[in-house]
């Protein structure tokens, strides 16, 4: 019974981790859209597009690096979490000797 509870908890934790990485991707896309839309608006209104381009490039580069790092971290966390699931032969199937 306790192994079943741990299995359910591991699945919930895995689902939360996947949801967090998807939400981070949505946030990153929102930042990219916001910054590049600001550049588009500065070009169409003739309001110093060079400054907007430099800012958009720096922010895009930083968020690309941040997204890459977050993807690597979450992929390792999710992969290790899947190893714990009982259907994958994880630790939830092990019997504790007391």
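Values computed for the structure shown
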| quantity | calculated |
| --- | --- |
| Residue among 1, 72 that alone is loosely packed, with under 11 Cβ neighbours inside 10 Å and at pLDDT 85 or above | 72 |
| Residues within region 55-69 that are out of contact with any helix residue (DSSP H, G or I) (no Cβ under 8 Å at 6 or more places or on another chain), surrounded by 11 or more Cβ atoms within 10 Å (Cβ to Cβ) and under 30 Å from residue 11 (Cα atoms), tallied | 1 |
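Yes/no matrix, rows are residues, columns are (1) at negative phi; (2) out of contact with any helix residue (DSSP H, G or I) (no Cβ under 7 Å at 6 or more places or on another chain); (3) at pLDDT below 80; (4) in a helix (DSSP H, G or I):
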{"residue": "20", "(1), (2), (3), (4)": "yes, yes, no, yes"}
{"residue": "27", "(1), (2), (3), (4)": "yes, yes, no, yes"}
{"residue": "35", "(1), (2), (3), (4)": "yes, no, no, yes"}
{"residue": "44", "(1), (2), (3), (4)": "yes, yes, no, yes"}
{"residue": "53", "(1), (2), (3), (4)": "yes, no, no, yes"}
{"residue": "79", "(1), (2), (3), (4)": "yes, yes, no, yes"}
{"residue": "97", "(1), (2), (3), (4)": "yes, yes, yes, no"}
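The values are calculated or read from the model by the stated rules, or taken from the named source; none is laboratory data. Remember, it's a predicted structure, so these values are computed and weren't measured experimentally. Positions of Cβ are generated from backbone atoms using ideal geometry, with glycine treated the same way; all protein chains shown enter the neighbour counts.
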